[in-house]
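To start, the structure itself, in structure tokens.
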Amino acid sequence: MDRRVKRTKAAVFNAMIALMIEKETDKITVLELCKKADINKSTFYLHFKSMGACIQFCFETITNGIVEIAKGINYEQIQRDPTDIINSILNEIERNNNIERLTKFKNSRMCAPALRMLKQQMTEAICSHNNFTMEKNYHQVTNVIYAVGGCIDVILEPLPAFDREKLTAVLTAQLRKIR
């Protein structure tokens, strides 16, 4: 991706997060976002079809890497030794200053619905990878729902505090209890 495109998208992302902390997402205008990102309205529409597409981009910027990791999670590994999975997720969170972004995002009004969507996407990815359905694998699916929800909450709630060593220890101990 061209450096100018990256710079523009990063500016839009940061401006969107900052504005979401101040007001409801549906109250943010394209003009207001462009002013905050220091771009022209035409530049915004060059990269995004609509404000909805921009919001989706922001959400995906934060979550895509985590959902990709979830697509490869083996259920048995969660029970046996989840350390590698936890480290992969924490690596993704630390990549590209996601801790700072997540801290800002946590304080936005979009956080709760976005987290529900992330938890759903991760649960679906893990269940799909392991060929689980609610009808045939009720116990495993509910364990996945519990594990995903707990992990996301344990990582997000303490922010801006982020102690990787303690998070790894807590999450590993809790995930090993899943049977």
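Just so you know, all these numbers are worked out from the coordinates, no wet-lab data involved. In this text, all values refer to a predicted model and were calculated from it rather than measured experimentally. Using ideal geometry, Cβ is built from the backbone for each residue, glycine included, and neighbour counts are taken over all protein chains shown.
For this structure, a couple of remarks:
- Farthest positive-ward along the range 52-125 dipole, Cα basis, beta-carbon charges - from ILE89, ILE66, GLN56: GLN56
- Value at 222 nm in deg cm²/dmol, rounded to 500, when DSSP H runs of n ≥ 4 in the chain each add -39,500 (n - 2.57): -23500 deg cm²/dmol
- Candidate cross-link partners of LYS27 among the lysines, defined by an alpha-carbon separation under 28 Å and a same-chain spacing of 8 or more, comprise LYS6, LYS9, LYS35, LYS36, LYS41, LYS49, LYS104, LYS106, LYS119.
- Cα centroid of the range 143-179 to Cα centroid of the range 3-20, whole Å: 29 Å
- Model label points for ASN91 and GLU32, set 7 angstrom from Cα along the Cα-to-Cβ axis, are 4.0 nm apart.
- Sorted ascending by nearby beta carbons within 10 Å, beginning with the fewest, SER88, SER108 become SER88, SER108.
- Evaluating 6.51 cos²θ - 1.76 cosθ + 1.60 at θ = phi - 60° for every residue in the range 11-16, the Karplus couplings come out as 5, 5, 4, 4, 5, 4 Hz, glycine and proline recorded as x.
- Estimated FRET transfer efficiency (THR172, THR133; beta-carbon r; R0 30 Å; 0.05): 0.60
- Comparing mean-square fluctuations of LYS23, LYS104, LYS49 from a GNM of the chain with C-alpha springs under 10 Å, the top value falls on LYS49.
- Most mobile listed residue (MET110, MET134, MET122) in the chain, GNM with C-alpha springs under 10 Å: MET134
- Scanning the chain for GluC sites (Glu not before Pro) that sit in a DSSP loop and have at most 12 other Cβ atoms within 10 Å, the longest stretch containing none of them is 25-134.
- Charged side chains reduced to their Cβ positions (Lys and Arg at +1, Asp and Glu at -1) give the range 56-111 a dipole of some 340 debye around its Cα centre.
- Test item: Cα-centred dipole of the range 1-71, Lys/Arg +1 and Asp/Glu -1 on Cβ, debye: 300 debye
- Taking Cα centre as origin and charging only the Cβ of basic (Lys, Arg, +1) and acidic (Asp, Glu, -1) residues, the dipole magnitude of the chain rounds to 440 debye.
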